[in-house]
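Report on the following structure.
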Protein chains: 2
Amino acid sequence: MASLADRIERYLREQLARTETGVLEVQRADLSAMFNCVPSQINYVLATRFTIERGYLVESRRGGGGFIRLMRLTCPFACNALDRLGQRIGERVSQEQAGHLVRGLEESGVVSRREADLILAATHRQAIGVPLPLRDAVRARLLKAMLLSLFRHEAGGGVGDALR
Amino acid sequence: MASLADRIERYLREQLARTETGVLEVQRADLSAMFNCVPSQINYVLATRFTIERGYLVESRRGGGGFIRLMRLTCPFACNALDRLGQRIGERVSQEQAGHLVRGLEESGVVSRREADLILAATHRQAIGVPLPLRDAVRARLLKAMLLSLFRHEAGGGVGDALR
DNA sequence: TATAATGAAGGTCAAGGAAAGTCAAAAACG
DNA sequence: CGTTTTTGACTTTCCTTGACCTTCATTATA
């Protein structure tokens, strides 16, 4: 039973995939009319699904002739997204947060399917297997260590300090 | 005299066997209604019966449109070569043991350099970051989970798409 | 021409509801 | 008696909606 947010997300991703440039412009009102929902539902989808962690950038303009522009990032590791990633992880991460993050990296081509699965397996509750306050802390350390190991191959030193 | 947990387990395994992809999505509330039990009973079954060690992966999402997703892994520890690996790992492994094992897998071409580094990063003492009796146990679980993930079903048509 | 009004976008936030998760105590089992 | 199962109270996460706010372009007006 795909939720409304899921359907909107899927639609936007399809449209985005159809573009040549990886840039899509839409009108919020059009979308909300198309899906029979309140306009702010669109904002919710954008805020939760098209985040920088998942490899997207969203710009917009208000007023007459306003628009929402969706962009797929080709290389999140290239800009300072990695540092934000590290800060985002912080001292503790839930399994869900980790999942979103890793899927985003996979989507933007930073990690392969196998690598993503590897990370997800290691950040799974049962794999860590310690009780909860501690578990999220262990997961955060694991995630940072693994991302850092990937990043060492990806680019030279200096960037990604926030992962440590 | 099959217990309630046994019956729920059997039902889920039957449903899972019926799928083409090895992926089953259910609603916790549906199940608990079907078996006339409290919802958390479902969690108990999932936690005790559908573990990674037994060759299952469980994902879920809360909130509206929430679900529980059960995935059967292709190569449960119970069957072949991985079984021996799993036994060799046992309940605890030191970082050194893990290192030897992973480098061996890399040399024999089972895992790539990047994947090996990923695994080693996750099994590093500082990454796990808990005191020693426990740390080796966590490392063993991590190692098993990660190796198992490498043998996951390459089910066509985007397994896990609903979560992304 | 400078400015004020207007309408047309999109943004924010918080409340409420809909799932699933957690934990520990009680019960049942062997 | 120790282990496994069952239960339920409480928590957390996620989705949906609606009331109200901010920004921009255009047009009317002094």
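Numerical summary
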| quantity | calculated |
| --- | --- |
| Neighbouring partner chain Cβ atoms per residue of A:109-120, average, 10 Å criterion | 5 |
| Model label zone, A:Thr74; criterion: amide N under 19 Å from point 7 Å along Cα-to-beta-carbon; scope the range A:1-34 | A:16-25 |
| Note, ³J(HN,Hα) from phi for the range B:128-139, Karplus 6.51, -1.76, 1.60, rounded to Hz, x at Gly and Pro | 5, x, 10, x, 5, x, 6, 4, 5, 6, 4, 4 |
| For the protein assembly as shown, with +1 on Lys and Arg beta carbons and -1 on Asp and Glu, the positive-most of A:Met71, B:Ala47, B:Gly109 along the dipole | B:Ala47 |
| Accessible-area value, A:Phe151, 1.4 Å probe, nucleic acids and ligands omitted, Å² | 10 Å² |
| The range B:81-149 - Debye-derived log10 I(q)/I(0), Cα point model, q = 0.13, 0.14, 0.24 Å⁻¹ | -0.31, -0.36, -1.07 |
| Gyration tensor (alpha-carbon) shape descriptor, the range B:4-72, a/c threshold 1.5 | rounded |
| Accessible area per residue, Å², the protein assembly as shown with all protein chains present, probe 1.4 Å | 50 Å² |
| 5 angstrom amide H check on A:Tyr56, placed H, neighbours 5+ away | A:Thr51, A:Leu73 |
| Amide H within-cut-off set for B:Val111, under 5 Å, with H built and near neighbours excluded | B:Glu106 |
| Cα-based shape type of chain B, given that a ≥ b ≥ c are square roots of the gyration tensor eigenvalues and the cut on a/c is 1.5 | prolate |
| Per-residue mean of C-beta atoms belonging to partner chains within 10 Å, peptide A:129-138 | 3 |
| Accessible-area value, A:Asp117, 1.4 Å probe, nucleic acids and ligands omitted, Å² | 10 Å² |
| Listed residues B:Met34, B:Met146 arranged by accessible area, highest first, probe 1.4 Å | B:Met34, B:Met146 |
| Gyration tensor (alpha-carbon) shape descriptor, the protein assembly as shown, a/c threshold 1.5 | oblate |
| Phi-based couplings in Hz for the range A:99-107 (Karplus 6.51, -1.76, 1.60; Gly and Pro marked x) | x, 4, 4, 5, 4, x, 5, 5, 4 |
| Accessible area in the full protein assembly, largest first, 1.4 Å probe, for A:Arg62, B:Arg72 | A:Arg62, B:Arg72 |
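The values are calculated or read from the model by the stated rules, or taken from the named source; none is laboratory data. Note that this is a predicted model, so its numbers are computed, not measured. Note: ideal-geometry Cβ built from the backbone for every residue, glycine included; neighbour counts use all protein chains shown. Only protein heavy atoms, including side chains, enter the accessible area calculation; ligands, DNA and RNA are left aside. Shrake-Rupley method; radii C 1.70, N 1.55, O 1.52, S 1.80 Å.
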